[in-house]
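Below is one structure, written out as structure tokens, with a few remarks after it.
Taken together, the values in this text are just the output of simple stated rules run on the coordinates, not laboratory data. Note that this is a predicted model, so its numbers are computed, not measured. Don't worry about glycine lacking a Cβ; one is built from the backbone with ideal geometry, like all the others, and counts go over all protein chains shown.
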Amino acid sequence: MKLLHIDSSPLAANSVSRELTRRTVAEWLAAHPGTTVDYLDLAVDAPTHLNADSLGFRLAPGTPGLTEAQRQENAVSERLVSQFPAADVVVVGAPMYNFSVPTQLKAWIDRIAQAGRTFRYTATGPEGRPATRR
């Protein structure tokens, strides 16, 4: 079993959400020994917000003429969107700032929300797609 543990608070040791995710993951591991954990700290390693360079994941693979910046941003998007469905369990630390989640968590969500990969459009609206196992 694989667990993806995501923290997004920039408050480090003063973060309540980080303490909660730490406890949650510890309890999960105690109940499910053998689980492997992937850890993503979005306050330390935040993806950039969507811009002209990072929207390349919306292009067909192998699109000619991409800049080096676009290729690098596409690699970030691919790493994140591949990591998410590979997890059986996802624990997200999402503190509230100004009535919303931290911008680095929003940037992560924007990177993994990819039509045809993590969701699809249907006649009744968007629908999450089941994870594809390796």
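For the range 88-108, the residues whose backbone nitrogen is under 16 Å from a point 7 Å from the Cα of residue 76, taken along Cα to Cβ, are 103-108. Proximity of backbone amide H atoms, modeled 1.01 Å from N, is registered between residue 37 and 3 at under 5 Å, excluding neighbours fewer than 5 places apart on the same chain.
Of all beta bridges that DSSP places with both ends in the range 2-128, some 30 percent have antiparallel geometry. For residue 119, the residues 5 or more places off, or on other chains, whose built amide H falls under 5 Å of its own are 114, 129. Only DSSP H runs of four or more residues enter the estimate; each adds -39500 (n - 2.57), and after division by the residues of the chain the mean residue ellipticity at 222 nm equals -11000 deg cm²/dmol. Mean silhouette area of the range 3-62, derived from the convex hull of its C-alpha atoms and averaged over all directions, reads 6.1 nm². Extension gain for residue 28-residue 96 works out to 22.1 nm (0.36 nm per residue, less the C-alpha to C-alpha distance).
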